[in-house]
Amino acid sequence: MRVGLSHGDSNTHYSDIDFGIEFDSNYYYRVVEYVNGNANYRTSNAYWNPDSEVFEVRVNSAGKVEYVKNRVVFYTSTVAPRYPLLVDTSFGSTNSKVDNVYWVHRNQADKVVWSSMTSLMDTPLSRYNGWGVLARRGARKGWDQGATSVLTLGNPDKYDGTDIYGLSFKPSQASSAIAVGLAHGNSNGLQNDIDFAWHLLANGTVEVLENGVSQMQATTYAADDLFEVRVNDAGKIEFVQNKAIVHTSTRNPSFPLRADTSFYE
């Protein structure tokens, strides 16, 4: 059988699936893409366990089709997809089936998975039961520690395969200096490397920084305040504290954007 994504559905033959994963009766799988009616076998046969493996075929933030096994991307297509895409299948064997078929849907409730973590950063999964947590360890201070997100968000005027439009976070304390926001790149762990950031200070005040430059008068905050940095419908960056918009940037962001952080202590 084959399961994947297609622009159209002219028939039930497997050759009608644009971006598909083929599963055979010997428990092997491979990526097969059809371009202009021709089969392109993108990966070699590999073994899979039907009792435990989870596969995804999805569009990433760069507009490319990714093939994922157990949350790990194992192949990224070089073929540009045509939209809209639909789920397409072809079954060649009797009694074959797929279970737990879902749309892969990302939204603001998804926890951030971190990458590019510097040496003193930690994301303690066992303690907090999931991603979305970031902490700095050690006694040394300085704006040189941070992490960025694995996922990115794209221009709201262009479909990018996700519905991510920003990030939210709650500080665990009001006595540490951290910067959290959105950035196009990640050249270092400094706060001025973050394009659009909430800057939380150790004295209980907070301000908005754009590449290290203050954009609004500092105000107060408390532990567990809810902060957001997000892209609005006009493509502008909004800064939200406890569901109130307190600042809208006049700068045009460069996409894609990713979550970026810098921890002083």
Considering region 160-178 alone, what residues qualify as being surrounded by fewer than 18 Cβ atoms within 10 Å (Cβ to Cβ) and either part of a strand (DSSP E or B) or modelled with pLDDT of 85 or more (or both)?
S168, K170, S172, Q173, S175, S176, A177
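Per-residue answers, yes or no, for (1) β-branched (V, I, T); (2) at pLDDT 90 or above; (3) out of contact with any Phe, Trp or Tyr (no Cβ under 6 Å at 6 or more places or on another chain):
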| site | (1), (2), (3) |
| --- | --- |
| N36 | no, no, yes |
| D51 | no, no, yes |
| T78 | yes, yes, yes |
| S116 | no, no, yes |
| R136 | no, no, no |
| A139 | no, no, yes |
Could you tell me whether any residue of region 36-47 is in contact (Cβ under 8 Å) with a residue 60 or more places away in the chain and among the hydroxyl-bearing types (S, T, Y)?
no
Subset of region 225-245 (residues that are assigned to a loop (DSSP other than H, G, I, E, B), charged (D, E, K, R) and modelled with pLDDT of 90 or more)
D225
Return yes or no: is R127 at pLDDT below 70 and outside any loop (DSSP other than H, G, I, E, B)?
yes
With the structure loaded, tell me whether N60 is more than 29 Å from A259 (Cα to Cα) and either in contact (Cβ under 8 Å) with a residue 12 or more places away in the chain or over 26 Å from the mean Cα position of the chain (by Cα) (or both) or whether it fails that test.
no
In region 182-224, which residues are crowded, with 21+ Cβ neighbours inside 10 Å, in a loop (DSSP other than H, G, I, E, B) and at pLDDT below 95?
G189, I194
Single unsatisfied condition, D233 versus (1) loosely packed, with under 14 Cβ neighbours inside 10 Å; (2) under 20 Å from F263 (Cβ atoms)
(2)
What are the residue pairs meeting all of these: first residue in region 235-249, first residue assigned by TED's automatic domain parsing to the domain that holds F169 and of a type in the set (V, I, T), second residue loosely packed, with under 12 Cβ neighbours inside 10 Å and in a strand (DSSP E or B), Cβ atoms under 7 Å, and 6 or more apart or on different chains?
none
Residue check, V68 assigned to a strand (DSSP E or B), out of contact with any Gly (no Cβ under 9 Å at 6 or more places or on another chain), aliphatic (A, V, I, L, M) and under 30 Å from L257 (Cα atoms):
yes
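The values are calculated or read from the model by the stated rules, or taken from the named source; none is laboratory data. This one's a predicted model, so the numbers in the text were calculated from it and none came from an experiment. Positions of Cβ are backbone-derived with ideal geometry, glycine not excepted, and every protein chain shown enters the neighbour counts.
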